[in-house]
1. Being among the basic types (Lys, Arg) and touching a strand residue (DSSP E or B) at 6+ places or on another chain (Cβ under 9 Å) is the filter; apply it to the stretch 10-52 and report the residue that is nearest to Phe87 (Cα to Cα).
2. Could you figure out which of (1) more than 17 Å from the chain's Cα centre (by Cα); (2) in contact (Cβ under 8 Å) with a residue 12 or more places away in the chain; (3) more than 12 Å from Phe6 (Cβ to Cβ) isn't true of Leu90?
3. How many residues does the stretch 40-88 contain that are in contact with a Leu (Cβ under 6 Å, 6 or more places away or on another chain) and within 11 Å of Pro9 (Cβ to Cβ)?
4. Read through the list (1) closer than 22 Å to Glu84 by Cβ; (2) free of Cβ contacts under 8 Å to residues at least 40 places away in the same chain; (3) not small (Gly, Ala, Ser), then give the number of the only condition that Thr7 fails.
5. Looking only at the stretch 26-63, filter to residues that are more than 27 Å from Thr88 (Cβ to Cβ) and surrounded by 10 or more Cβ atoms within 10 Å (Cβ to Cβ); which one of those is modelled with the lowest pLDDT?
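The values are calculated or read from the model by the stated rules, or taken from the named source; none is laboratory data. Source: prediction; values computed, not measured. Every residue, glycine as well, gets a Cβ built from its backbone with ideal geometry; the counts of neighbours run over all protein chains shown.
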Amino acid sequence: MTEYIFTTPIVEEGPAGDHRLFYFYKLNRGISIALKPTGGYEQIRYPVDGDLDAYPVVYRGGYNYTVDDTTKAALIAGNVGVTEANFTAL
C-alpha cells in the first residue's frame, strides 16, 4: 500500500501588516480539513480547538500528514479543494 504526505490547502491572505509596504506582501494560511460525523469532508477556515473535538478526523491547516491510498481518494473526492497537488508519494 502506497503512502503519501498530505499537505493541507493554502490561501494567500494580505496585507501582512499596517505599514504601506506590507500591502505588497501576502501570507500563506493553511485551511483545515475535517471528516464530518455524518460522513464527507469539509473545510474549516478558522478552527476553534473546542469545536474540533466533534470531528472524528481533523487535518489542521499548515501541517503535513501521512495518509494511505484510501484516504487520499476520499479527500480528493470530498470536493473540499484537495487535488493531486496536495500529495507527495513516500
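1. Taking the stretch 10-52 as the starting set, the residues that turn out to be among the basic types (Lys, Arg) are 20, 26, 29, 36, 45.
When the remaining residues are screened for being touching a strand residue (DSSP E or B) at 6+ places or on another chain (Cβ under 9 Å), the result is 26, 29, 36, 45.
Numbers: Lys26: 24, Arg29: 18, Lys36: 21, Arg45: 20 Å.
Selected residue: Arg29.
2. All conditions pass for Leu90, except number (3).
3. Within the stretch 40-88, residues that are in contact with a Leu (Cβ under 6 Å, 6 or more places away or on another chain) and within 11 Å of Pro9 (Cβ to Cβ) number 1.
4. For Thr7, the failing item is (2).
5. Applying the filter and picking the extreme gives Asp51.
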